[in-house]
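Quick notes on the structure that follows.
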Amino acid sequence: MQEIRKVDPQAYWISANDPAGSFMGTFLYTNGLKTVNGTNFYPDLNKWYKIDEKKKYLDIYNRYEHITVNITNKKTDVKLLYQDSVELNLNVEDLRKLNIKYILTKDDLTKYNEYEHTSFQCVYSKDKDGYYIFKVLYK
């Protein structure tokens, strides 16, 4: 992560499809990376409105939220799990709306490479802990 940060410090990251949920997003943030998920003390409405243009989920955004992201081939949706816990099921093609460049995950995202506008390139994998870092490629 730090090597990528040195050459691409403005890149946006997410942690996704991870049983650790928002904790790994917070881990990215504490390592100096620009992170979309994790723990948000105040809702970043500019971010939310990019994926929720009709403000359908406005009642879910709250002051202090732990955001878990799951990459999916289904339509993007948001669920309130607990008072301070939000699950964002983010469609592969909606990654572009949030300008995501890197994803930390335990899931092999190349299974989504059949999409027309978005694909994934593995730039790091570690058998010991099971994490991958994927670079998101937009066509």
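Among the residues in the stretch 82-90, are any under 23 Å from F27 (Cβ atoms), of a type outside the set (S, T, Y), more than 15 Å from the chain's Cα centre (by Cα) and outside any strand (DSSP E or B)?
Yes, the stretch 82-90 contains a residue that is under 23 Å from F27 (Cβ atoms), of a type outside the set (S, T, Y), more than 15 Å from the chain's Cα centre (by Cα) and outside any strand (DSSP E or B).
Taking L109 as meeting all but one of (1) within 20 Å of F27 (Cβ to Cβ); (2) in contact with an Asp or Glu (Cβ under 9 Å, 6 or more places away or on another chain), write down the number of the exception.
(2)
Go through (1) touching a residue at least 40 places away in the same chain (Cβ under 8 Å); (2) of a type in the set (G, A, S); (3) within 19 Å of M1 (Cβ to Cβ) for S85 and report which single condition fails.
It fails just one condition, (3).
Going residue by residue through the stretch 83-95, is there one that turns out to be over 24 Å from K139 (Cα atoms) and of a type in the set (S, T, Y)?
Yes, some residue in the stretch 83-95 is over 24 Å from K139 (Cα atoms) and of a type in the set (S, T, Y).
Considering only the stretch 78-85, I want to know if a residue exists there that is over 17 Å from F23 (Cα atoms), at pLDDT below 95 and surrounded by fewer than 17 Cβ atoms within 10 Å (Cβ to Cβ).
Checked against the condition, which is being over 17 Å from F23 (Cα atoms), at pLDDT below 95 and surrounded by fewer than 17 Cβ atoms within 10 Å (Cβ to Cβ), the stretch 78-85 yields at least one hit.
Can we say N99 is within 19 Å of A11 (Cα to Cα) and touching an Asp or Glu at 6+ places or on another chain (Cβ under 6 Å)?
Judged against the criteria, N99 is not a match.
Scan the stretch 95-110 residue by residue and report those that are part of a helix (DSSP H, G or I) and either in contact with a helix residue (DSSP H, G or I) (Cβ under 7 Å, 6 or more places away or on another chain) or on the phi > 0 side of the Ramachandran plot (or both).
Result: K97, L98.
Being closer than 11 Å to I103 by Cα and part of a helix (DSSP H, G or I) is the filter here; which residues of the stretch 4-24 pass it?
M24
Run down K74, K50, K56, K79 and say which single residue is more than 24 Å from K126 (Cβ to Cβ) and in contact with a helix residue (DSSP H, G or I) (Cβ under 9 Å, 6 or more places away or on another chain).
K50
Would you please name the residue that is modelled with the lowest pLDDT, looking only at residues in the stretch 35-71 that are within 17 Å of E93 (Cβ to Cβ) and in contact with a strand residue (DSSP E or B) (Cβ under 8 Å, 6 or more places away or on another chain)?
Restricting to residues being within 17 Å of E93 (Cβ to Cβ) and in contact with a strand residue (DSSP E or B) (Cβ under 8 Å, 6 or more places away or on another chain), the top hit is V36.
Of all residues in the stretch 37-71, which are in contact with a Pro (Cβ under 6 Å, 6 or more places away or on another chain) and loosely packed, with under 14 Cβ neighbours inside 10 Å?
Once the filter is applied, which keeps residues that are in contact with a Pro (Cβ under 6 Å, 6 or more places away or on another chain) and loosely packed, with under 14 Cβ neighbours inside 10 Å, the stretch 37-71 yields nothing.
The values are calculated or read from the model by the stated rules, or taken from the named source; none is laboratory data. As the structure is a computational prediction, the values presented were derived from the model and not from experiment. All Cβ positions, even for glycine, are placed from backbone atoms using ideal geometry, and neighbour counts span all protein chains on display.
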